[in-house]
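Notes for the one structure printed next.
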Amino acid sequence: MFDVLKVRKDFPMLNGKTMQGKPLIYLDNGATTLKPKVVIESVCDYLSQYSGNAHRGDYDLSHEVDEQYENARMIVKNFINAKKVEEIVFTSGSTDSLNMVAYGYGRTHLTQGDEILITVAEHASNILPWFEVAKETGAIVKYIPLDEKGRLTLENVKNAITEHTKIISIAQVTNVLGHKAPLKDICTYAHEHHITVVCDGAQSVPHQLTDVQDLGVDFLVFSGHKMCGPTGVGVLYGKYDLLCETSPLRLGGGSNSRFNSCGIVTLKNPPYKFEAGTPNIEGVIGLGSAIIYLSHLGMNDIEAYEQELREYCISKMKELDNVEIYNEDSTGAIAFNIKGVFSQDGASLFNSYGIAVRAGQHCAKILDEFLGVTNTLRVSFYFYNTKEEIDQLIEVCKKGDDFLDAFFG
Amino acid sequence: MHSLDEPRILRGIIMDHYDNPRNRGLVDDESYTKVNMNSDTCIDNLDIQVKMNGDIIEDVRYDGEACAICTSSTSIMSELMIGKTKEEALKIFDNYMNMIYEKDYDEDLLEEAIAFKNTHKQANRIKCATLGWNGFIKIIKEGEE
């Protein structure tokens, strides 16, 4: 197991950054994560030492960029254990990737009356593109019911599937409730029924070991910035034959091999047909460094440590009688409220103590129908958080009644 | 130091208006002009209604879901504005915004609204403290067009 105090030294934001005059305690890792020096340096290195375009030039510099860019693709491939490196498409993030699947694959494979299954706990980016594609194709978006604790179970998936189901699009871990879906079992069952499974891995891939071949998932998306990488870069993984059947949404330089004035275009093969235009080269290189960094720490150790932090936090919160927890037994973020305090006022109170927590509907705007509350506070940990930070969070929870202190700091 | 400057008192004002918002609840009356103010960045979502009688603001109503800062600032705004002329209301509004954005302002015009004088210290709350006010002024200004 890694030494968390040593790990923290890798993060400039954890060494000197203050908020409201107090050392930053960053507990909004579901939103984005902090960056270690190695990632920052790799981005700077590209910008200062070998800045050039990828796949565009016949000179050494361009070749060097190509090598680093394609090396990052190989790093991602190994990280999620994809079968082929060509199954890794670089995108601007999970949202971009999900839109690419919905419009590029969903729109061309769905017809009138087909069903797309999602859940009410999905992030907006795994709902809104499907709404739109359904509108265009005549397909129907249906919801797999969650169990009483907000979990997605194989049983409920089985019950929701009909002969019309064509696509299941679900988060492996949801961003508010944080429950882990039995993804492998869902994929197995879905494939027996010729259903394609799309997985939003934004909240899972950064926190646990991912093996797409073992899971059997058809498409998997995730974001670089939620796993110590730069913003504006993410991944679309797709089984190679499915990527071949997927249409690119954007066309342009780098995505075609040739075209003529009659409008006959020959697209390149995946992944290049999806990467028109100059990509986010420094982002991709930074993501590669982030993955190497995480791999050195060990994804299993990261998961185990975060689980320890979560259990510690839950046990401390349960000692307080003014805290309501909405997802005691899950693995991801903790959704809670301080009784009698509107979540936004609560977040403001935490802010005044230098603690970053999220308030709101967390981009899962139909979840309130399930939770029965319209908004919650959310704390989400990463491997660089500590029990001492949680102790401070708990101390502030105790001050809930004085939430206006924040305003008069 | 102004007698109301003590944090304990300012806090008391906010809590009082949060726990017992004045003029809250919409009315089904076509003589009111209504606007929805839904914050892009947070949860606050209020409907504001204003009824004019010539140049006088006869009534201000609001309802919706909002935090303590948003609810109380809107409640205080409604009390301040009712009975004022349009010109007086604009002056109060300008002074309030000057206070929020740390410019010079006349605190006598703002009465209980000075409870929000520290908003700039928590910059993320500026939206909360101005949502209801901006909704009100939108109605007033649109009425002029």
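Numbers at a glance
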quantity: Residue under evaluation A:Asn351, criteria (1) away from chain B (no Cβ under 14 Å); (2) touching a strand residue (DSSP E or B) at 6+ places or on another chain (Cβ under 8 Å); (3) surrounded by 15 or more Cβ atoms within 10 Å (Cβ to Cβ), criterion not met; calculated: (1)
quantity: Any strands (runs of 3 or more DSSP E) falling wholly within region A:186-287 and containing at least 2 residues that are of a type in the set (A, V, I, L, M); calculated: A:196-200, A:219-223, A:234-238, A:265-267
quantity: Set A:Ile281, A:Ile314: member being in contact (Cβ under 8 Å) with a residue 40 or more places away in the chain and surrounded by 16 or more Cβ atoms within 10 Å (Cβ to Cβ); calculated: A:Ile281
quantity: Those helices (runs of 4 or more DSSP H) lying entirely in region A:315-409 with at least 1 residues in contact with a helix residue (DSSP H, G or I) (Cβ under 7 Å, 6 or more places away or on another chain); calculated: A:343-352, A:387-398, A:405-408
quantity: Selected residue (criterion: nearest to the other protein chains (Cβ to nearest Cβ)) from residues of region B:118-145 that are more than 16 Å from B:Thr71 (Cα to Cα) and in contact (Cβ under 8 Å) with a residue 60 or more places away in the chain; calculated: B:Asn118
quantity: Criterion (in contact (Cβ under 8 Å) with a residue 24 or more places away in the chain and over 25 Å from A:Asn29 (Cα atoms)) met by exactly one of A:Ile170, A:Ile161; calculated: A:Ile161
quantity: Residue within region B:71-83 that is exposed (fewer than 15 other Cβ atoms within 10 Å of the Cβ) and on the phi < 0 side of the Ramachandran plot present; calculated: no
quantity: Every residue from region A:122-140 that is under 22 Å from the mean Cα position of the chain (by Cα) and not polar (S, T, N, Q); calculated: A:Glu122, A:His123, A:Ala124, A:Ile127, A:Leu128, A:Pro129, A:Trp130, A:Phe131, A:Glu132, A:Val133
quantity: Filter result for A:Val373 (in contact (Cβ under 8 Å) with a residue 60 or more places away in the chain and not polar (S, T, N, Q)); calculated: no
quantity: Unmet requirement for B:Leu10, which otherwise passes all of (1) modelled with pLDDT of 95 or more; (2) of a type in the set (A, V, I, L, M); (3) crowded, with 18+ Cβ neighbours inside 10 Å; calculated: (1)
quantity: Filter result for the condition that a residue is touching a helix residue (DSSP H, G or I) at 6+ places or on another chain (Cβ under 9 Å) and without any contact (Cβ under 8 Å) to a residue 40 or more places away in the chain, over A:Leu242, A:Leu215; calculated: A:Leu215
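The values are calculated or read from the model by the stated rules, or taken from the named source; none is laboratory data. Predicted, not measured: the structure shown is a model, and the values here were computed from it. Note that we place each Cβ from the backbone using ideal geometry, even for glycine, and neighbour counts take in every protein chain shown.
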